[in-house]
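Data first, discussion second: the structure below is written as structure tokens.
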Protein chains: 2
Amino acid sequence: MAATLRDVAALAGVSIKTVSNVVHDFEHIRPATRSRVRAAIDELGYKPNITARSLRSGRTGVIGLALPELSLSYFGELADAVIRAAERANLVVLVEQTGGGDRDREIAMLSSARLQMTDGLIFSPLGMTSDDAQLLAVPYPLVVLGERVFGGPADHVTMQNVAAARAATRLLIDRGCRRIAVIGARADEAVGSAALRLQGYREALAEAELPFDPELVGVAEQWHRVDGAEAMRAMLATGVRCDGVFGFSDTLALGAMREIQAAGLRVPEDVAVIGFDALDETRFSLPTLSTIDAGREQIADTAVRLLVERIAGRSEPGAVHFADFTVLQRESTAGERGPDPAA
Amino acid sequence: MAATLRDVAALAGVSIKTVSNVVHDFEHIRPATRSRVRAAIDELGYKPNITARSLRSGRTGVIGLALPELSLSYFGELADAVIRAAERANLVVLVEQTGGGDRDREIAMLSSARLQMTDGLIFSPLGMTSDDAQLLAVPYPLVVLGERVFGGPADHVTMQNVAAARAATRLLIDRGCRRIAVIGARADEAVGSAALRLQGYREALAEAELPFDPELVGVAEQWHRVDGAEAMRAMLATGVRCDGVFGFSDTLALGAMREIQAAGLRVPEDVAVIGFDALDETRFSLPTLSTIDAGREQIADTAVRLLVERIAGRSEPGAVHFADFTVLQRESTAGERGPDPAA
DNA sequence: CGCCACGGCTGCAACGTTGTAACTCACGCT
DNA sequence: AGCGTGAGTTACAACGTTGCAGCCGTGGCG
């Protein structure tokens, strides 16, 4: 059995509370008493019982992180960042998976008994919509990530999807691309990353006075690599030609790039490609993939900071925070494209 | 404030203990009482306080998972599998990162106060060695994963590295490869994945009576994609020729494959490539990458099962469990290679 | 008829910690 | 001498739960 305050107190010949005071570096303790207690602590190898402390204080020092799937690189990298940010705040992270966009599981997670021992939750939904916003009125501190649910009663940390997508598209336009395909649109989606990035794409086209061609919109309900490949293959098969591709995620872009190359086209000479997310692996594809760093580290830091503030009871929830983004120019959009000979 | 047993008891006009009995589906309760208590529970929205229950019972229902980095795909997928396996056992997972092979951090993790509220730990070290085995004698249930520490006093779940590496090499040999390079050896390593996989490689060569050529051993201390690319580039730069490459991990193999293609060689026609780990993304590379599924799901299931047994106090620790492996034959090793014209 | 068994329920103590109030000195001031 | 002050320490209660012993009443059995 592990030693308790009582054991230490008995050995040191003081009261339990004095030992507790020593553990907490309380000021008014005689040096002699302090060292006697310290010795007893060392001798018994005493470690405070966190569970008892939690019961007493109402805090566990644990925060929950609910996200779709760790095996998706984006969420693996996000969890990495959240855990590191939490560690800096002396918190530890309990990770739950909701599956890839399973709305019911996401909603169930919000009232899961498994989260009881958590001081608060960072929640990244993929299946809920703004219609479900009122479900975010939970009786514990909550910070929501992502683009699925807006207008809820919780703090919200998100990225500048429209502006970042506009910048990505603009990069292709500046490089000389005139027929730019997107990969990753969702058929029935009004909110969410896909809709916002599509909006940014259209804004960039409009700014450059380029026409919007529905044939250049590749639909992909899931955003795995295979989905990007299939969408690209389908587009190429219909004979639609493009000189630039904007993948709404890096995995989509990498899948699409594979199909472009398999079709005998060169990247970036024939088709330039840019992704979104700045996954580590984009630095090592062939060619290296240009992408958007939408501020994942900053999102993790901000989410943890907001959650800590909410746990401490400071500030009112409901604010929306946008992270900064960066365009990462790599090989897949390198070079300058001359005037289009076919135009 | 959340409702407690006391509140429910007062509302239902029964004792606290009766409410507790209802919550726990205790048998001998009059239906009338039961429904009255149930109604009070619903009215107040009572949820048991897990922290208090933990203090009383000594169990938290939380297990720890300590691994190097979630942003490495292998560990992201491992964590995914562990969390799913834990969920089936009604456990929730607290994830800690030790960094990529930081021995001191790994050792510190074993006695971290942050794990106090955990019933046990699944630990995947990357920097420790068998010299540190006695450090695994911790006063809580522990299951160790991986190839770094053998002979410790904890349960151990691992993969059949030697046999699986032999099978991977054998696949290349059967395909007709005669000069097979490996990527991912570590200079100073006696134990660990690299050493074991190198041993399997050498056994397969010996079986086929092929010579072992040190020039074909590519060193890579880290196993990111960039390390595989660099090792391969270095080997190609020295003029060493090979017709097959066995990457000790999928990321290494994918990095190596990129360099092979960048050098103007075709995969699999000029050089066949096989990896190790069966990462999801190997299904979507160009060409798709043959690899070894070393039994990640089974490892996660077994680790959770053993930990549960140890928490329950059943069985003595110290056993080593080996997962089954599968060879996944894909495009990167497709086709039959004729007799080597240069031979 | 007396006793036991048992269904149905209650009260108390305990898990290990911490906040609050209070106690005991020693000291210095009036 | 009497009193306030504050350092050093302690006792007690409480956080919300569950195990245990035990209470009361009813019905069956010898």
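The values are calculated or read from the model by the stated rules, or taken from the named source; none is laboratory data. Quick caveat: nothing in here was measured; it's all calculated off a predicted structure. In this analysis, Cβ positions are derived from the backbone assuming ideal geometry, glycine residues included, and neighbour counts consider all displayed protein chains. These accessible areas exclude ligands, DNA and RNA; they are computed on the full protein's heavy atoms, side chains included. Shrake-Rupley method; radii C 1.70, N 1.55, O 1.52, S 1.80 Å.
Quick one: in the stretch A:103-135, of everything that is farther than 24 Å from A:R305 by Cβ and β-branched (V, I, T), which residue is farthest from the other protein chains (Cβ to nearest Cβ)? Filtering first and then ranking leaves A:T129. With respect to the conditions (1) in a loop (DSSP other than H, G, I, E, B); (2) within 9 Å of chain B (Cβ to nearest Cβ), A:G99 lacks only one, and its number is (2).
Among the residues of the stretch B:285-294, those identified as open to solvent by less than 10 Å² (accessible area, probe 1.4 Å) and part of a strand (DSSP E or B) are B:S290, B:T291, B:I292.
Among A:D42, A:D25, which is farther than 30 Å from B:Y74 by Cβ and more than 16 Å from DNA strand D (Cβ to nearest atom)? Can you show your working first?
Values: A:D25 fails: more than 16 Å from DNA strand D (Cβ to nearest atom).
Every option except A:D42 fails the conditions.
Of all the residues that make up the stretch A:286-295, how many are closer than 13 Å to A:T333 by Cβ and within 11 Å of chain B (Cβ to nearest Cβ)?
Here the count works out to 2.
Yes or no: the stretch B:253-266 includes at least one residue that is within 20 Å of B:D174 (Cβ to Cβ) and part of a loop (DSSP other than H, G, I, E, B). Scanning the stretch B:253-266 turns up at least one residue that is within 20 Å of B:D174 (Cβ to Cβ) and part of a loop (DSSP other than H, G, I, E, B). Would you check which residues across the stretch A:22-46 are surrounded by 12 or more Cβ atoms within 10 Å (Cβ to Cβ) and either of a type in the set (S, T, Y) or touching a residue at least 24 places away in the same chain (Cβ under 8 Å) (or both) and list them? Residues satisfying the conditions are A:V23, A:T33, A:S35, A:R36, A:V37, A:A39, A:A40, A:I41, A:E43, A:L44, A:Y46. Against the list (1) open to solvent by less than 20 Å² (accessible area, probe 1.4 Å); (2) within 24 Å of A:G152 (Cβ to Cβ), the condition A:D250 fails is (2).
When you check B:A234 against the structure, is it assigned by TED's automatic domain parsing to the domain that holds B:D174 and open to solvent by less than 10 Å² (accessible area, probe 1.4 Å), yes or no?
On the way: assigned by TED's automatic domain parsing to the domain that holds B:D174: yes; open to solvent by less than 10 Å² (accessible area, probe 1.4 Å): no.
Answer is no for this residue.
The set of residues in the stretch B:196-227 that are at pLDDT 95 or above and assigned to a loop (DSSP other than H, G, I, E, B) comprises B:A208, B:E209, B:L210, B:P211, B:F212, B:D213. Of the candidates B:V19, B:V93, the single residue that is within 11 Å of DNA strand D (Cβ to nearest atom), crowded, with 23+ Cβ neighbours inside 10 Å and in contact (Cβ under 8 Å) with a residue 12 or more places away in the chain is B:V19.
Just name the residue that is farthest from the chain's Cα centre (by Cα) out of those in the stretch B:142-168 that are assigned to a loop (DSSP other than H, G, I, E, B) and closer than 12 Å to B:F322 by Cα.
Filtering the stretch B:142-168 for residues assigned to a loop (DSSP other than H, G, I, E, B) gives B:146-154, B:160.
Retained after the next criterion (residues that are closer than 12 Å to B:F322 by Cα): B:146-147, B:160.
Details: B:G146: 7, B:E147: 11, B:Q160: 13 Å.
This residue is B:Q160.
For beta carbons closer than 8 Å, sequence separation of 6+ or different chains, a first residue in the stretch B:226-241 that is within 14 Å of another protein chain (Cβ to nearest Cβ) and under 11 Å from B:L216 (Cα atoms) and a second that is open to solvent by 10 Å² or more (accessible area, probe 1.4 Å) and outside any helix (DSSP H, G or I), the qualifying pairs are B:A231/B:V219. In this structure, B:E43 does not satisfy being away from DNA strand C (no atom under 16 Å from the Cβ) and at the interface with chain A (Cβ under 10 Å from one of its Cβ atoms). For the stretch B:47-70, the set of residues classified as of a type in the set (S, T, N, Q), surrounded by fewer than 23 Cβ atoms within 10 Å (Cβ to Cβ) and either at the interface with another protein chain (Cβ under 8 Å from one of its Cβ atoms) or farther than 30 Å from B:T4 by Cβ (or both) consists of B:N49 only.
Take the stretch A:1-16 and flag every residue that is part of a helix (DSSP H, G or I) and either polar (S, T, N, Q) or away from DNA strand D (no atom under 13 Å from the Cβ) (or both). Within the stretch A:1-16, just A:D7 meets the criteria. Assessment of the stretch A:80-87 against the conditions (surrounded by fewer than 18 Cβ atoms within 10 Å (Cβ to Cβ) and away from DNA strand D (no atom under 13 Å from the Cβ)) yields at least one matching residue.
Results for (1) more than 12 Å from DNA strand C (Cβ to nearest atom); (2) modelled with pLDDT of 95 or more; (3) within 9 Å of another protein chain (Cβ to nearest Cβ), shown as yes or no for each residue.
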{"residue": "A:A2", "(1), (2), (3)": "no, no, yes"}
{"residue": "A:A12", "(1), (2), (3)": "yes, no, no"}
{"residue": "A:K17", "(1), (2), (3)": "no, no, no"}
{"residue": "A:S73", "(1), (2), (3)": "yes, no, yes"}
{"residue": "A:D80", "(1), (2), (3)": "yes, yes, yes"}
{"residue": "A:E87", "(1), (2), (3)": "yes, yes, yes"}
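Just checking, how many residues over the stretch A:192-214 are in contact with a helix residue (DSSP H, G or I) (Cβ under 8 Å, 6 or more places away or on another chain) and of a type in the set (D, E, K, R)?
Kept after step one, since they are in contact with a helix residue (DSSP H, G or I) (Cβ under 8 Å, 6 or more places away or on another chain), are these residues of the stretch A:192-214: A:193, A:196-201, A:203-205, A:207-208, A:210-212.
Next, only the ones that are of a type in the set (D, E, K, R) stay: A:197, A:203, A:207.
Residues meeting the conditions: 3.
Candidates A:D277, A:D270: the one that is over 21 Å from A:L198 (Cα atoms) and at pLDDT 85 or above is A:D270. Checked against the criteria, B:V92 counts as aliphatic (A, V, I, L, M) and either facing chain A (nearest Cβ under 9 Å) or more than 25 Å from A:Y74 (Cβ to Cβ) (or both).
For the stretch A:50-69, how many residues are of a type outside the set (A, V, I, L, M) and within 11 Å of DNA strand D (Cβ to nearest atom)? Here the count works out to 6. Filter the stretch B:266-284 down to the residues that are closer than 18 Å to A:S73 by Cβ and either open to solvent by less than 10 Å² (accessible area, probe 1.4 Å) or acidic (D, E) (or both), then identify the one that is farthest from the other protein chains (Cβ to nearest Cβ). Only one residue fits best here, namely B:G275.
Put simply, of A:R241, A:R305 the only residue that is open to solvent by 20 Å² or more (accessible area, probe 1.4 Å) and not assigned by TED's automatic domain parsing to the domain that holds A:R225 is A:R305.
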